[in-house]
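Written out below as structure tokens is the structure these notes cover.
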Amino acid sequence: MLKSEHVISVSSGYLHSEYSEIAPAYHCVPQITYGLMSQADVVAWFREMHQKLEHATLFLNYTEEPVVREEALFVGREVRYTVFSGGFSEYPIDELPDIASCIPAVQSVPVMCLMIAMYMGFSEIYLLGTDHDHFRSGEYKYFFEPTVLRGKDCTVDVSGKPRSWYTEFIGLARLWEQYRAVKQIAQHHGIRIFNATAGGELDEFPRVDFASLFPPAHVQSLDEN
């Protein structure tokens, strides 16, 4: 159903089995935290990403520009760099984030996508897959099988359980603050953001059933094809 829609994918989302059919126009990767993940891992990840992204424009943080340039990555692809600096409290709450300048650093990539989408002028934005429910389930799960980044997430152990709930809850508090700030900015500019995720715990945006967003005739024609 997302085919022909304006879609922004994130991180390793290109591993989705229907990624080529959905063909997102944009792909976002937030600032990279090095630890278990080395520069060599990032290079391998970016090379895999480049092979899978089709024609998507890529958004990275400026901190990754040196490795992209030095390793000659993403040749032929349009790559844009954001400049994450400070928090939302340091920016006017009534102004749209200007992605051509500095914007608040993010705790999770959907916040990055929301700022970019608002800047692009979208008036209705729908979130998919923003579960943020690992504090209830006790484990962090991906919808895909990790490839080059298998075992490289420093926040969880090999079984997918968070290494420190103290650290996790601090991060979640920051994340919810960022979603609240984005919501306030959106409301000020008449932008509507909905959560079309099936389940999950993100409660800052009104819920909407994903299937209800598409007219029955549209769904039927897709099924027939």
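The values are calculated or read from the model by the stated rules, or taken from the named source; none is laboratory data. Just so you know, these numbers come straight off a predicted model, no measurement behind them. All Cβ positions, glycine included, derive from the backbone under ideal geometry; neighbour counts span all protein chains shown. SASA here: full protein model, heavy atoms, side chains in, ligands and nucleic acids out. Shrake-Rupley method; radii C 1.70, N 1.55, O 1.52, S 1.80 Å.
Candidates in the range 74-86 are the residues that are within 22 Å of residue 120 (Cα to Cα) and not small (Gly, Ala, Ser); of these, the one that is surrounded by the fewest Cβ atoms within 10 Å (Cβ to Cβ) is 78.
Residues of the range 113-171 that are modelled with pLDDT under 80, over 19 Å from residue 28 (Cβ atoms), among the aliphatic types (A, V, I, L, M) and open to solvent by less than 90 Å² (accessible area, probe 1.4 Å): 156 alone. Kindly indicate whether residue 71 is surrounded by 13 or more Cβ atoms within 10 Å (Cβ to Cβ) and under 17 Å from the mean Cα position of the chain (by Cα). No; evaluated as a whole, the condition is false for this residue. Among residues of the range 1-18 that are under 12 Å from residue 52 (Cα atoms), those with a Cβ under 9 angstrom from a residue that is hydroxyl-bearing (Ser, Thr, Tyr) and assigned to a loop (DSSP other than H, G, I, E, B), sequence gap 6+ or separate chain, pair up as 12/142; 12/147; 15/142; 15/147. Please verify whether residue 9 is out of contact with any helix residue (DSSP H, G or I) (no Cβ under 6 Å at 6 or more places or on another chain), outside any loop (DSSP other than H, G, I, E, B) and either among the aromatic types (Phe, Trp, Tyr) or over 19 Å from residue 68 (Cα atoms) (or both), treating the condition exactly as stated. Judged against the criteria, residue 9 is a match. The number of residues in the range 17-63 that are among the polar types (S, T, N, Q) and within 26 Å of residue 115 (Cβ to Cβ) comes to 5.
Please indicate, with yes or no, whether at least one residue in the range 28-46 is open to solvent by 20 Å² or more (accessible area, probe 1.4 Å), of a type in the set (D, E, K, R) and in contact (Cβ under 8 Å) with a residue 24 or more places away in the chain. Yes, the conditions are met somewhere in the range 28-46. Residues that are open to solvent by 60 Å² or more (accessible area, probe 1.4 Å) and among the hydrophobic types (A, V, I, L, M, F, W, C) within the range 172-194 are absent altogether.
The set of residues from the range 83-100 being modelled with pLDDT of 95 or more and out of contact with any strand residue (DSSP E or B) (no Cβ under 7 Å at 6 or more places or on another chain) comprises 86, 87, 88, 89, 90, 91, 95, 96, 98, 100.
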